[in-house]
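First up is the structure itself, then whatever we jot down about it.
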Amino acid sequence: MNKAILVTGGAGYIGSHTAKALAEHGFLPIVYDNLSTGHPWAVQWGPLVQGDIRNTQDVVKAIQKYRCEAVIHFAAVALVGESVQDPAKYYDNNVVGTVSLLDAMRQSGLSRIIVSSSCATYGEPVQTPMSEDHPQKPVSPYGRSKLMMEEILRDYDAAYGIKHVVLRYFNVAGADLDGKVGEAHDPETHLVPSAVLAALGAAKELAVFGLDFPTPDGTALRDYTHVVDIADAHVKALMWLDSESASFNLGSGTSFSVLDVIRAVEHRSRKELPYQIKPRRVGDPTALTAAIDKAKKHLGWTPRHSDLMTMIETAWQWHSR
C-alpha cells in the first residue's frame with residue numbers, strides 16, 4: 001500500500017503539482033483543503049478532504065482515516081499587499097492554522113512535516129544571493145506570519161520532537177509539463193501568468209511597479225523557479241527528513257528583471273504587450289536572488305526546468321487551454 005501523505009492546501013497551485021510529484025514517487029497524497037483559493041479539478045492523484053486546518057479534530061480524523069505518515073503544509077494566504085490591509089486574516093490563517101495543524105499531528109503521533117515558507121521572511125536583502133543564514137527581518141505581515149510559523153516549528157521540535165523541513169521559495173512560475181494542472185488565481189498577481197494572460201487577450205494591461213530601481217533596465221530583479229522543480233524539492237525533502245530539522249532556499253540562483261519577463265512573453269506571443277508604469281510598491285526590494293547550494297548538497301535537488309522560456313512556454317500552454 002502506498003504511504004499516505006497529508007497535503008494541506010493541496011488543491012492550490014504548488015500543492016497540486018506536489019501531489020502529482022508524490023504520486024509519481026509512489027506516495028498517496030491526501031489533499032486537505034478548504035477550497036477558499038484551491039480548485040477541486042486540481043485534485044487528481046488522491047482523495048480530497050474538504051476542511052479547514054484551524055479545526056484541529058477534523059485534521060486528526062483525516063490523518064487517522066488514511067493513516068498518514070507525514071504532512072506537507074501549503075495551506076496559507078499569500079498576498080503581500082492584502083496582508084498589509086488585513087493582517088488579522090494572515091495571522092489567523094498562517095499562524096493559528098499552523099499551530100492547529102501541529103497539535104493535530106501531536107494528537108496523531110506524527111513527527112514529520114515539510115512546510116512552505118518564503119523569501120519574504122528575509123525582508124530587505126543585506127546581500128545577494130541570499131543564503132539561509134541571511135538575517136530574517138520581514139517587512140510585511142505576510143512575511144512576519146511565515147517567520148512566526150518557522151519559529152513555532154523550532155519550538156515544537158525542541159519540546160515535542162516534531163521534525164521539519166522549511167522550504168523558502170523565491171518566485172514560482174510555469175505549469176505542469178503534461179498540462180494536467182497549472183496556475184489559476186483570482187485575482188492573478190504574479191508576473192508570468194499576468195503577462196501571458198495579457199498576451200492571450202484574457203487580461204487587461206500589465207502594471208510595472210517602478211522604473212527607477214538601480215538595475216540595468218530600471219525594473220526589479222527576481223529569481224524564478226519552475227513549479228515542477230519546486231514540487232520535486234518537496235518530495236526530496238520528505239525522503240530526506242528523518243532525525244534532523246532544516247531550512248532550505250528554493251530558487252534558480254539567477255534573476256530576471258520585470259522587463260526581461262515581459263520581453264520573453266512578447267517573443268513567445270509575437271506581439272507587443274501594453275504595460276503601464278506605476279510607482280514602486282512599499283517594501284519591494286531591488287533584487288532577490290537565492291543561494292541554493294544547501295538544497296543541492298543535502299537534498300540532491302537541482303532545478304531542471306527553471307530557464308525562463310520553459311516557465312513561459314508551460315504557462316502559455318496551460319493558459320491557452
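Odds and ends about this structure:
- ³J(HN,Hα), Karplus 6.51/-1.76/1.60, whole Hz, each residue of region 304-320, x for Gly, Pro: 9, 10, 9, 6, 4, 5, 5, 4, 5, 5, 5, 5, 4, 4, 5, 6, 5
- Cross-link pairs LYS271/LYS294; LYS146/LYS296; LYS204/LYS236; LYS3/LYS297 - those with Cα-Cα distance over 29 Å: LYS271/LYS294; LYS204/LYS236
- Computed in the context of the full set of protein chains, the accessible area of region 219-321 at 1.4 Å probe radius has 48% of its extent on carbon or sulfur.
- Per DSSP, loop trypsin sites (Lys or Arg not before Pro) in region 191-262 with at most 15 further Cβ within 10 Å: LYS204
- Cut-off under 5 Å, modelled amide H: who pairs with LEU79 long-range: none
- Spacing of the modelled spin labels on LYS297 and GLN57, each 7 Å from Cα toward Cβ, amounts to 4.7 nm.
- Multiplying each eigenvalue of the alpha-carbon gyration tensor of region 160-294 by 5 and taking the square root yields semi-axes of 31, 19, 13 Å, largest first, rounded to whole angstroms.
- Charged side chains reduced to their Cβ positions (Lys and Arg at +1, Asp and Glu at -1) give the chain a dipole of some 400 debye around its Cα centre.
- Angle in degrees between helix 258-269 and the longest Cα principal axis of the chain, rounded to the nearest 10: 80
- Extension gain from HIS25 to LYS180, taking 0.36 nm per residue of separation minus the Cα-Cα distance: 54.1 nm
- For GLU266 and LYS3, the difference between the fully extended length at 0.36 nm per residue and the C-alpha to C-alpha distance is 90.3 nm.
- The phi-based Karplus calculation (6.51 cos²θ - 1.76 cosθ + 1.60; θ = phi - 60°) puts the 3J(HN,Hα) values of region 184-190 at 8, 9, 9, x, 8, 10, 7 Hz, whole numbers, x for Gly and Pro.
- Stretching ARG67 away from SER131 to a fully extended chain increases their span by 19.4 nm, per 0.36 nm per residue minus the current alpha-carbon distance.
- For region 144-154, putting each phi into the Karplus relation 6.51 cos²θ - 1.76 cosθ + 1.60 with θ = phi - 60° gives couplings of 5, 5, 5, 5, 4, 4, 4, 5, 4, 4, 5 Hz, in residue order, rounded to whole numbers and with x for Gly and Pro.
- Averaged per residue, region 149-223 has 41 square angstrom of accessible surface, using a 1.4 angstrom probe with ligands and nucleic acids left out.
- Around the Cα centre of region 1-107, unit charges on the Cβ atoms of Lys, Arg, Asp and Glu (plus for the first two, minus for the last two) sum to a dipole of about 340 debye.
- Considering helices alone, the calculated mean residue ellipticity of the chain at 222 nm is -11500 deg cm²/dmol, with DSSP H runs of length four and up weighted by -39500 (n - 2.57) and normalised per residue.
- For region 89-163, the alpha-carbon radius of gyration amounts to 1.18 times the rule-of-thumb value 2.2 N^0.38 Å expected for a compact globular protein.
- Amide H contacts under 5 Å for SER247: VAL166, restricted to partners 5 or more places along the chain or on a different chain, H placed in the peptide plane at 1.01 Å from N.
- With at most 13 other Cβ atoms within 10 Å, longest stretch of the chain clear of loop GluC sites (Glu not before Pro) (DSSP): 1-204
- Annotation: amide H of SER118 within the under-5 Å range of TYR169, sequence separation 5 or more or interchain, hydrogens built in the peptide plane.
- Radius of gyration and maximum dimension Dmax of region 108-213, Cα, Å: 17.8, 53
- Dipole-positive endmost among SER320, THR215, VAL282 within region 190-321 (Cβ charges, Cα centre): SER320
The values are calculated or read from the model by the stated rules, or taken from the named source; none is laboratory data. Since we're looking at a predicted model, the values are computed, not measured. Every residue, glycine among them, receives a Cβ derived from its backbone with ideal geometry; neighbour counts consider all protein chains shown. These area figures cover heavy atoms from the full protein model, side chains too; ligands, DNA and RNA do not enter into them. Shrake-Rupley method; radii C 1.70, N 1.55, O 1.52, S 1.80 Å.
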